[in-house]
Amino acid sequence: MSGVLYSVALQWKLDIRSKSLFVTCYVVPLIFFLLMGGIFTSVMPDMRSTLIQSMIVMCVSMGAFIGLPPSLIETYGSDIKKVYKANGVPVYSGLVTMFLSAFIHLMIACSVIALLAFVLFEAVLPAQLPTFFFALAIYLIVSLSIGSILGLIIKNQAKLTMIAQLVFLPSIMLSGIMFPIDLLPDFLEMAGRVFPAFWGYRLMLNSGFCLENLWYLILVFFAAVIICGILLKKQKLE
């Protein structure tokens, strides 16, 4: 257990020095929040009640789909994987440590966004903070599991960037965080339901923590775990 904690702590420090993860988990989401938070609350004052959840969805989507996968490619698409095998380190070790490290980074960033939204834009804090953070943790885990699939299945960095954007952009545009989902055509509204952001956003809202918003996230998570297991087994055989 101590070895796992040490690995996670080491990976966390490495991620702090990683420009890619630092930018996608902290810099871009916070800049987006500071710019759009003021615009949203000025144009639509009622959005103060959902500003925290909206900005957190953007932060999580960027960190999970654009920040985590390149780190996985650096490990599983390079000679680092061979070092793991030569030293008897389980092939899943890199994925677990990067997953947990990204989870911690994004949880910190989301907490900062929630606090700043309340202070700067008078956003309404969630009525039940423990439930809110539990919902956030679930949404984070599901999003990172999808990011893990992207990082394990795609070997080319340029292709990864393109595919990650194809997952990231619909996640924030079709989830209802930018504008009411009712304004979208029916086919786009249905397409938005495919992405965890749609359900994660509703799960974090007040009185939103219910099976109706939870079942799809649970389904996606277990599917992602199975796919990651298959991909890691393939990595071990290569």
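Derivation of every value follows stated rules applied to the coordinates shown; laboratory data play no part. Keep in mind it's a predicted model, so treat the numbers as computed, not measured. Note that we place each Cβ from the backbone using ideal geometry, even for glycine, and neighbour counts take in every protein chain shown.
Data overview
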quantity: Within the chain, helix-based [θ] at 222 nm, where runs of 4 or more DSSP H residues each add -39,500 (n - 2.57), nearest 500; calculated: -24500 deg cm²/dmol
quantity: Relative contact order computed over the chain (Cα-Cα under 8 Å; 6+ residues apart), in percent; calculated: 26
quantity: Quotient of C-alpha Rg and 2.2 N^0.38 Å, computed over region 2-237; calculated: 1.02
quantity: Within region 21-180: Cβ-based charge dipole about Cα centre, in debye rounded to nearest 20 (Lys, Arg +1; Asp, Glu -1); calculated: 500
quantity: Förster-model FRET efficiency, 45 Å R0, residue 46 and residue 74, C-beta, rounded to 0.05; calculated: 0.55
quantity: Neighbour-count order for 26, 201, fewest beta carbons within 10 angstrom listed first; calculated: 26, 201
quantity: Förster radius 30 Å - calculated FRET efficiency between residue 22 and residue 234 (Cβ-Cβ, nearest 0.05); calculated: 0.50
quantity: Percent of Cα-Cα distances greater than 19 Å, calculated over region 137-185; calculated: 39
quantity: Label-to-label distance, nm, for residues given as residue 218 and residue 96 (7 Å Cα→Cβ offset); calculated: 2.5
quantity: Options 141, 69, 105, ranked by Cα towards positive dipole end of the chain, top entry (Cβ charges); calculated: 69
quantity: Cα-based Lys pair tally, region 2-237, threshold under 14 Å, eight or more apart or on separate chains; calculated: 10
quantity: Kyte-Doolittle mean at least 1.6 and Cα axial length at least 18 Å: DSSP H helices in the chain; calculated: 28-43, 93-121, 129-153
quantity: Inter-label distance, nm, simple model (7 Å from Cα along the C-beta direction), residue 119/residue 31; calculated: 2.1
